[in-house]
Amino acid sequence: MEEEKETTTTTTTKKKQCFWTWALASVIFRLVLIHFSRNLNLASRPEVSTPLTSLRRLAEGYWLKQSSISPYAGSMYHGSPLLLSILGPLTVQRGEGQYNHLICSLLFVIADFMTAVLIRATGQSLQMAYNQSLKSLGIVRLLERSEMLSSGDIAALVYLWNPLTIVTCVGSSTSPIENLFVVLSLYGACRRLVPLAAFGWVIATHLSLYPAILIVPLILILGYGPDSPRRKLFQQRASSKVGENPSTDIRYQQKELASQPMLPFRFSWRLVVHFILWASLWSCYVLLLCGISVRRYGGLGEMFKSTYGFILTVPDLSPNIGVLWYFFAEVFDYFRNFFLIVFHVNILFMILPLAIRLNHRPCFLAFVYIAISSLLKSYPSVGDSALYLGLLGLFVKELADMQFSFFLFCGYVGISFLSPVMHNLWIWRGTGNANFYFATAMAYACFQIILVVESVSAMLNHDRMLRKLSIMKP
């Protein structure tokens, strides 16, 4: 027994060392690329920077504010006034007319590293809840699989070493900060840190609006836990045992269910109420700070119009990796409002059905919501994809049998190379047209749809497998 414990301790130590080695290597790799960031010119790429996440636009907004002009004057800046107050001083021009990008880039590197650490901690909480669920169902055989790294470590390293994450960090985009607060809300919910979860959700929603839909999985995580088997599995397991032993009475099922005290069958309304109260408190505090920041430039009404209104009305049709810019450039103005409603409500239509079907896996539900919003949002970037691809690593066990994995991998790699080529042929060389670049955007959207559909299908198949193993005779 002592030898086994020593072996287990040694293996755990090696895993930790392996993770931290690769994590620090990713930080060093980012710092090297930052040194050559001006030569790479990633900040001008439409796949990396959008009208909402561009640091150049933020610098322009800060210059307007320093000149006693509204930062939302014109059509340059459409972000948060709080982010403008924090990052604005770091974009002041120095020397040769170039802003001091080094400090901003270091801040984005720190944000990426903290996001990875929070993903790892979230994965640990999710793994503990998953193991508890398997033990409660009597499926111990799935726990005996040896692993090089845990799912949390894999997810964190996938996020850190994802090329999409790296180019977003080096390309002077504020997406790493938005991703940090999204993951912070999930981490706080999994660890039952209600004020932290509410703070992360409020700031993420304030920065990008779309994380507002994450309130559904956050409430489910606080109510049921990060991962819990469906109550139906215990009922089927109890009924199968009753069938095997006819002498038992009908109360056997109730005793079988009562013998599982560790599982949060009852919804924890207390934590949910605390979350709503803290979210309201943080929202009021953020609005107060925003009101103070923009009190001389039109107040909160002007801020909402230039930020959330800009997201919902899609006035800027500059090319990006989404599909809305091309569609609204071609559609007649008479139908514009109708299709705006269709595209935005399409996200809301998916919330309830997915929440009903995946209510026992709220963390996976959050991943699906993030992937769908990244697909249908007004101004997407590769930073959005980097977030949900990192969270996908949290479910490496459940999605081990997912179909078309290699096809999706090749598709993402192909689009990553083709998109800059098509943009160059259209904008700079003049040998192509908008259809060239839009074709890559359409292909990118199709690959994201396939990823969401196949991942949900694989998760449901995994649940069916657990159901069969739970009622199988030992």
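The values are calculated or read from the model by the stated rules, or taken from the named source; none is laboratory data. What you are looking at is a predicted structure, and each value in this text was computed from that prediction instead of being measured. Cβ atoms come from the backbone with ideal geometry, glycine included; neighbour counts cover every protein chain shown. The area values use the complete protein model at the heavy-atom level, side chains included, leaving out ligands, DNA and RNA. Shrake-Rupley method; radii C 1.70, N 1.55, O 1.52, S 1.80 Å.
Assorted remarks:
- Among 361-371, 80-90, 413-423, the order from most to least packed when residues are scored by Cβ within 10 Å on average: 361-371, 80-90, 413-423
- Whole-Å distance, taken between Cα centres, linking region 277-310 and region 398-474: 37 Å
- Peptides 298-304, 442-448, 114-120 ordered by packing proxy, namely the average of other Cβ atoms within 10 Å per residue, highest first: 114-120, 442-448, 298-304.
- To put it simply, the accessible area of region 318-379 at a 1.4 Å probe is 73 percent carbon and sulfur.
- Per-bin percent of Cα-Cα distances, region 23-120 [5 Å]: 2, 12, 20, 23, 20, 13, 7, 3, 1
- The alpha carbons of region 406-474 give a radius of gyration and a Dmax of 19.7, 68 Å, in that order.
- In Å, descending, principal axis extents of the Cα set of region 351-474: 68, 28, 19
- Residue separation of Ser268 and Thr313 scaled by 0.36 nm, minus their Cα-Cα distance, works out to 12.4 nm of gained length.
- Projected label distance in nm at Asn337 and Met128, using a 7 Å step from Cα toward the beta-carbon: 5.2 nm
- Set the Cα radius of gyration of region 376-446 against 2.2 N^0.38 Å, with N its number of residues, and you get 1.33.
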